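Read the structure below first, then the notes.
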Amino acid sequence: MKKRAFVSMLLVAALLVPAMVFAGGAKAKTPTKSGDIKIAIVSQNQGNPVFYDLEAGARDTAKKLGIQFEWYAPETGDSVKEAELIEAAANAGAHGIGVVPLDVTLQTTMQAVSKRGVYVSTVNSDTISYPEMAFANGTAMFDIGYECGKLALKYLTDKNKTYTIAMIEGQPGTEAFTLRMDGFEKCLKDNGIKFTVLAKLPCDDDFNKAGEQVETFTIANPNLDMWFFSGGWPFFLEVKALSEFAKWHAKPNHWCITVDAFPPEKTFFEAGLCEGAVSQNYYRMGEMTVQYLYDLVTGKGLPKADKMINNTTPWFATGSFPVTPENWQAEFGKMKPW
């Protein structure tokens with residue numbers, strides 16, 4: 001009887017081992033040689049310089065770890081095509097996949113891939129969460145908008161006035177930009193600032209289109225008080241391409257606040273055409289995504305999360321920093337030229 005009981009215990013243990021789970025509920029994997037490990041990131045669209053630093057951080061980390069790395073992105077922002085690429089990465093043998101999601105519709109595909117035993121995380125998103133998801137990292141989108149609102153408060157000081165504000169977003173309806181704009185508005189409301197948003201213009205992540213929209217809308221609304229760019233698209237152009245914006249900005253009490261400050265945007269700070277930005281650490285996002293997915297694949301696990309999304313998904317902050325007329329030279333001086 002004792003022998004039979006001992007054998008039964010071994011059987012139970014053997015059955016339990018494959019079912020053990022690590023962070024996010026992904027199935028435990030037998031560690032392999034570093035050179036055999038493959039990590040992928042699926043981004044939102046091709047040729048978007050916003051993700052240059054993210055990709056650089058990911059590739060640098062993969063090289064340091066001695067693992068394989070693949071970068072996937074649809075030609076344009078298309079959640080259906082992005083979902084297809086997530087599946088393609090899994091079918092190509094990726095052990096871990098980081099996703100820069102356009103929207104929450106990608107959760108279905110991500111969860112299905114997770115259930116296949118692939119570690120799946122999100123990059124710069126805190127809107128997707130499910131039990132099997134490995135982790136999320138980046139900047140809280142609502143919070144970065146709120147921080148931009150704090151920069152705006154330095155200029156929007158008349159609580160008896162109703163200010164007029166225009167906004168730029170990327171792909172229409174992209175949750176990240178919606179949350180940034182919502183956070184910006186909430187900050188102003190929390191501080192008793194009255195305002196009207198005249199427009200939220202989708203530029204489709206097209207720098208030229210963004211510049212044209214800013215120029216056209218500024219001409220049509222000369223009494224506009226403030227521009228809020230939920231991403232820095234217009235500032236990737238040459239300063240001379242925004243001549244009407246510059247004329248408008250030169251008048252008293254006209255201001256501009258933006259999310260992110262990338263190397264090409266330095267010229268607009270030099271010209272005094274931006275009152276402030278809150279910039280994200282994209283390099284750290286790529287670095288952390290590859291490192292943490294690697295750690296999960298090799299059985300190391302994750303450090304303590306900064307917060308939990310819906311009590312199921314560990315979330316790690318990658319940091320942000322303000323760029324203002326007072327510190328722009330120092331902040332741009334730290335950046336690697338593109």
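Computed from the coordinates by the stated procedures, all read-outs in this text should not be read as laboratory data. Remember, predicted model here, so these are calculated numbers, not experimental data. Cβ: placed from backbone, ideal geometry, glycine included. Neighbour counts: every protein chain shown.
Taking the helices alone, the chain has a mean residue ellipticity at 222 nm of -11500 deg cm²/dmol, built from -39,500 (n - 2.57) per DSSP H run of at least 4 residues and averaged over all its residues.
For a quick check of your reading of the filter: which GluC sites (Glu not before Pro) in the stretch 44-95 sit in a DSSP loop and have no more than 16 other Cβ atoms within 10 Å? Loop-located and lightly packed - Glu75.
Note on the chain: with charges restricted to the Cβ of Lys and Arg (+1) and Asp and Glu (-1), its dipole about the Cα centre is near 1660 debye. Among Gly319, Gly96, Gly138, the residue with the largest mean-square fluctuation in a Gaussian network model of the chain, with springs joining Cα atoms closer than 10 Å, is Gly319. With 0.36 nm allotted per residue and the present C-alpha distance subtracted, the Lys159-Asn310 stretch has 50.7 nm of extension available. The value of relative contact order for the stretch 142-280, using C-alpha pairs under 8 Å at least six residues apart, is 28 percent.
Once you sort the root eigenvalues of the Cα gyration tensor of the stretch 142-280 as a ≥ b ≥ c, which label holds: rounded (a/c under 1.5), prolate (a/b larger than b/c) or oblate (the other case)? Judged from the Cα gyration tensor, the stretch 142-280 comes out rounded (a/c under 1.5). Mean silhouette area of the stretch 28-161, derived from the convex hull of its C-alpha atoms and averaged over all directions, reads 10.6 nm². On full extension, the segment bounded by Ala199 and Glu270 gains 22.8 nm, given 0.36 nm per residue less the C-alpha separation.
Here's the picture: a label point sits 7 Å out from the Cα of Val104 along the beta-carbon direction, and within the stretch 165-203 the residues with their amide nitrogen under 18 Å of it are 172-183. Residues whose amide H comes within less than 5 Å of that of Ile309, counting only those at least five positions distant or on another chain, are Trp315 (H built at 1.01 Å from N in the peptide plane). Close amide H contacts of Trp255 (hydrogens built in the peptide plane, cut-off under 5 Å, sequence separation of 5 or more or a different chain): Met226, Trp227.
Straight-distance candidates among the lysines for linking to Lys154, with alpha-carbon spacing under 20 Å and chain neighbours fewer than 8 residues away dropped: Lys186, Lys189, Lys194, Lys251. Residues in the stretch 103-110 carry Karplus couplings, in order, of 7, 6, 5, 6, 4, 4, 5, 4 Hz; the curve used is 6.51 cos²θ - 1.76 cosθ + 1.60 with θ = phi - 60°, and Gly or Pro positions show x. What fraction of the DSSP beta bridges in the chain is antiparallel, stated in percent and rounded to the nearest 5? Antiparallel: roughly 15 percent of the beta bridges in the chain. Annotation for the stretch 136-160 versus the stretch 237-296: alpha-carbon center distance of 14 Å. Each residue in Glu215, Glu265, Glu132 was given a count of other beta-carbon atoms within 10 angstrom of its own, and listing them fewest first yields Glu215, Glu132, Glu265. Here the simple spin-label model places points 7 Å from the Cα toward Cβ, and for Ala92 and Asn208 these points are separated by 2.9 nm. Applying the Kirkwood pairwise sum to the alpha-carbon positions of the stretch 84-160 produces a hydrodynamic radius of 14.2 angstrom.
By the count of other C-beta atoms within 10 Å, a proxy for reagent exposure, Val113, Val120 are ordered fewest to most as Val113, Val120.
Phi angles across the stretch 318-334 convert, under the Karplus curve 6.51 cos²θ - 1.76 cosθ + 1.60 with θ = phi - 60°, into 3J(HN,Hα) values of 9, x, 8, 8, x, 10, 10, x, 7, 10, 4, 5, 5, 5, 5, x, 7 Hz, Gly and Pro given as x.
Loop-located trypsin sites (Lys or Arg not before Pro) in the stretch 79-165 (DSSP state other than H, G, I, E, B) with a sparse environment of at most 11 neighbouring Cβ atoms within 10 Å: Lys159. Between the alpha-carbon centers of the stretch 66-114 and the stretch 174-226, tell me the distance in whole angstrom. Cα centroid of the stretch 66-114 versus Cα centroid of the stretch 174-226: 30 Å apart.
Converting phi to 3J(HN,Hα) with the Karplus coefficients 6.51, -1.76 and 1.60 and the offset θ = phi - 60°, the stretch 52-61 yields 4, 5, 4, 5, 4, x, 5, 5, 4, 5 Hz in sequence order, with x at every glycine or proline. Proximity of backbone amide H atoms, modeled 1.01 Å from N, is registered between Asp204 and Gln171 at under 5 Å, excluding neighbours fewer than 5 places apart on the same chain.
Based on C-alpha pairs under 8 angstrom that are at least 6 apart in sequence, the chain has a relative contact order of 20 percent. Going from the residue with the fewest nearby Cβ atoms within 10 Å to the one with the most, Met288, Met110 rank Met288, Met110.
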